[in-house]
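The values are calculated or read from the model by the stated rules, or taken from the named source; none is laboratory data. All values reported here derive from a predicted model rather than from experimental measurement. In this analysis, Cβ positions are derived from the backbone assuming ideal geometry, glycine residues included, and neighbour counts consider all displayed protein chains. We work out accessible area using only protein heavy atoms, side chains counted, and drop any ligands, DNA or RNA first. Shrake-Rupley method; radii C 1.70, N 1.55, O 1.52, S 1.80 Å.
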Amino acid sequence: MREVTERSFVERRQTDWLSLEECLGPSVMQLLPKQIATLAQLYRNACADLARAEAAQYSAPLLTYLQELVGRAHARIYDLHAREKRQRTVRFQDVRATLASFAVAVRTHHVAVWIATFMFFGPFIFAALYTWKHPAFASNFMQPDDLRNLADAYAEGFEGGRAFGTDAQMTGFYVNNNVGIALRCFALGVFGGFGSAVYLLYNGLSTGTVFGFITANGSGANILTFTIGHSAFELGAIVIAGAAGLALGWSFVSPGELTRSESVRRTGMSVLTLVFGAAIMLLFAALIEGFWSSSGIPSEVKRAVGIGNLVLVLSYFIFAGRKREA
Amino acid sequence: MLDTTVAIETPEHVLFHYRLAGPVQRWIAHLLDLLFLAVILIGLAVIVAMMGTVLGVGPDAGQLKLQKELSGTTTGILLLIVFFAQWCYFACLEAWKGTTPGKAVLGLRVVTLEGRPITFSSAALRNLLRAADALPLTQFMGAIAPAGLISMLSTERSQRVGDLVAGTMVVKKTERSNQGGVLVWPPPEPHELAHIPDDPHLSPEERTAIELFLRRKKRLGPARERELAEIVLPLLQQKLGHVPHDPARALGLLYHQAVNAGRKDAPASSRNISGHPTPPPPGRPGRPHA
C-alpha cells in the first residue's frame, strides 16, 4: 500500500500527535474542556496512524514513537483506577470500613492465622517452660555475655525510667528491626510458606527462651511488666504477618481451580491488608515499647494498661466490621 | 527480538509492543537507587553529627547531657529514615511515578501485565517481596538477588518473584522520533535516479540495514563509509542493477527510491479533527514543523 512519503505523513499528522501528547501530561482532571472533547478522537486517529505507518513500513523510530504515544494514551484512557483517584471526599462510613478492613481480613484468613498462632506460641511456651527449668538451654540462642547483660538489664526494674534520647533511639531501633522482621516473615512465605514457618518457629523459640531465662534468674515479674504493654501488638503483628506469608505460600501449593500464577496474584493482593495492618500494629508496639514500657510508671499501672491493650486488640479482631459482613 | 518484547492489543485492535528490561539493566538500575539512597543517608548522618558537635562542645555536665539526649533522638530518627528507605522508597516512587530515579536513568518503567500503570498495592507487593528475591542472602537490600535472577531468567516476561506475585513487569523506553525517516543528502538529482530501478522491493530487513547505515553516515569517515557500503552492496547488486562508482551514495539513492518512489509528497495540511488547521502548540521549541 503506497500512499504518501514518510516525511509528508509526519508533516500532516504531527500537530495532532503533539496535541495528544499535551493531553497526556497532566492528570485527566486538569485538562481543558476542549482537550477532553478531542482526546478520544486524537487517540483513535493516532491508532489509525500507527496502523497506517506499520502497513507502509515507515522507519523504526517513527513506529516506536507512535507505539509509545498510543501506549501512553491507552494507559491513560483505559485507566481502571481513574474513578477512585477522582474520589477525594472521604465519608465517615468509608473511614470506618477502612479501619475495620484489617480485622475483617484477619477473620477471612482465620485458618492461616490460627496455624501461625500455634507455630509461634507452641515453641514459645515450650521454650519458656523448658528454659525456666534448664536455664542452660538459653545458650543455644545467645552468647553467654549477652545473656548476662540481659539478666542484669531486667534485674533492676524500671523505676528510674530512661532519658528521652534513649527512648527515641530505641523506638527507631524497634521500628527498623521489628517491622523489618515482620515484613520479611511475610515475604519469605512466597516459597510454599516455608520461610514464614521458619521465622515463626524460630522467633517463638527465641522469645520464649528469653522469657524462661529471665524468669529462672528471678526477674520474671520485671520482664512481664516490661513486655505486657506492647506484647499484644508486637506478637500479634508477627503472627499475622506470618499468617499472610503462609496464606501466600499455600495459594501457590494449592491453587484450586485457578492457575498457580493467578492464584498467587489474587492471594497476594488479599493478604496485603494483613501485612499493612501488621506493620501499623508494630509501629504502635515500637512507640509503646520505647516510651511507655521502659518508663518509671508504677508496675501496677503498666500491667493494667497492658491487659487493657490485650483486650482491645482481641476485641478489635473479633468484633470490628461484623455488621458489614452480615 | 521476539523474546524481549511483549505485545499488547488495545480495544481498537492496535498492537503495540513493550520492550522488556533484562536482568543486567535492572540490576544496574537497582544499584543506582541504592547509591542514591546511600548518598542521602550518609549526607543526613553527617549533618546530624555536625549539629551534635556544635551543640555539645562545652565540658560542663548540662551540655553533655543535652548532647546525649540529642544523639539518641537523632539516631532514632535516622533509624526510622533507614527503615523508610528500605521498605517505602521503592514502593512509593513506583506507585507515584511508575519508576524510581535509578530506573529512570536507564529508561525503565514498571507496568502491569496489561501495560497499564501500576497501583499502590502492586507497587507495595512487588517491593515487599524484594526480601524473597534476595534469597539466599538476607542483607545488602537486594544488591545481589540470586532468587530474583533465576526467576527473571526462567520467566517469559523476565519477572522476578515480586513481579510474579504483583502481576507486573519492567519495560524499557526505546529510541523514538516523530520526525520521519532519513533524508538522503544532498537531495537526489533526476539524472542520478535514472540508474536506479523505479520500484526496488526491499525487504524490511534490507530497509532497516540501509537506514541504520544512513543514520550513522555522519559519524563515519569517508574511507570507513565506503568500506561498509562495499560490504553491503553485493547483497543488493541485483536490485540496483548496475555497479556504481560511489557505493555509499548508491545505497542512499536505492533507499530513497524504495521509500519515496510512487508516494505522494502531499502538502502539510489536510487532516485535522476540527477541520481547520491548528497551529503547533506553544512552548515546544526545537520541533521543526516543515
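So, R0 is 25 Å and r is the distance between the beta-carbons of A:Asn149 and A:Ala221; what FRET efficiency does that work out to, to 0.05?
The formula returns an efficiency of 0.80 here.
Just to be sure I understand: with springs between alpha-carbon atoms less than 10 Å apart, which residue in A:Thr259, A:Thr131, A:Thr273 has the highest mean-square fluctuation in the Gaussian network model of chain A?
A:Thr259
Given A:Asn177, A:Thr209, A:Gly195, which one lies farthest toward the positive end of the charge dipole of the range A:107-251, if we put +1 on the Cβ of every Lys and Arg and -1 on the Cβ of every Asp and Glu?
A:Gly195
What do you get for the angle between helix A:299-319 and the principal long axis of chain A? Use alpha-carbon atoms, 0 to 90 degrees, nearest ten.
Approximately 40 degrees, to the nearest 10.
If ligands, DNA and RNA are left out, what is the accessible area of B:Glu9 with a 1.4 Å probe, given in Å² to the nearest 10?
Looks like 110 Å² after rounding.
In square angstrom, rounded to the nearest 10, how much accessible surface does B:His17 have for a 1.4 Å probe?
Surface open to solvent at B:His17 totals about 80 Å².
Take the Cβ-Cβ distance between A:Glu262 and B:Ser154 as r, set R0 to 25 Å, and report the resulting FRET efficiency rounded to the nearest 0.05.
Details: r = 18 Å, r/R0 = 0.73.
The value I calculate is 0.85.
Please compute the contact order of chain A in relative form: average sequence separation of alpha-carbon pairs under 8 Å and at least six residues apart, divided by the residue count, as a percent. Write down the numbers at each step before the final one.
Numbers: 370 pairs, mean separation 74.3, N = 326.
It comes to 23 percent, rounded to a whole number.
Among A:Ile228, A:Ile77, A:Ile240, determine the one that fluctuates most according to a GNM of chain A built with springs between C-alpha atoms less than 10 Å apart.
In the Gaussian network model the winner is A:Ile77.
For A:Thr98 and B:Thr208, what does the FRET efficiency come to when R0 = 45 Å and r is the distance between their Cβ atoms, rounded to the nearest 0.05?
About 0.25, to the nearest 0.05.
Could you work out how far apart the two model spin labels at B:Leu193 and A:Ala304 are, taking each label as a point 7 Å from the Cα in the direction of the beta carbon, and quote it in nm?
9.8 nm
What angle, in degrees between 0 and 90 and rounded to the nearest 10, separates the Cα long axis of helix A:60-77 from the longest principal axis of the Cα atoms of chain A?
Here the helix axis deviates by roughly 60 degrees.
For chain A, with every protein chain kept in place, what is the accessible area per residue (1.4 Å probe, Å²)?
For chain A, the per-residue accessible area is 49 Å².
Ignoring ligands, DNA and RNA, what percent of the accessible area of the range A:6-86 is carbon or sulfur (1.4 Å)?
54 percent
Using a basic spin-label model with each label point 7 Å from the Cα along Cα→Cβ, how many nm lie between B:Lys173 and B:Leu220?
2.9 nm
Can you tell me the orientation of helix A:220-253 relative to chain A, as the angle in degrees between its alpha-carbon axis and the longest Cα principal axis, to the nearest 10?
Compared with the principal axis, the helix lies near 40 degrees.
Using a 1.4 angstrom probe on the protein heavy atoms only, line up A:Leu50, B:Leu31 by accessible area, largest first.
Largest accessible area first, the list is B:Leu31, A:Leu50.
Students sometimes get this wrong: rank B:Glu230, A:Glu262, A:Glu289 by accessible area, probe 1.4 Å, all chains present, largest first. Each step should come with its number before you reach the end.
On the way: B:Glu230 90, A:Glu262 55, A:Glu289 15 Å².
Sorted descending by solvent-accessible area, the residues read B:Glu230, A:Glu262, A:Glu289.
With +1 on the Cβ of every Lys and Arg and -1 on the Cβ of every Asp and Glu, and nothing else charged, how large is the dipole of chain A about its Cα centre, in debye rounded to the nearest 20? Each step should come with its number before you reach the end.
On the way: 28 positive and 24 negative charges, 215 e Å.
I would put it at about 1040 debye.
Tell me, what is the percent relative contact order of the range A:6-86, built from C-alpha pairs under 8 Å that lie six or more residues apart?
Here the relative contact order equals 34 percent.
Quick one: order B:Asp33, B:Asp198, A:Asp152 from most to least accessible surface, probe 1.4 Å.
So the residues, ranked largest to smallest area, are B:Asp198, A:Asp152, B:Asp33.
If one takes the accessible area of chain A alone plus chain B alone and subtracts that of the pair, with a 1.4 Å probe, what total in Å², rounded to the nearest 100, results?
So the buried area, both faces added, is about 6900 Å².
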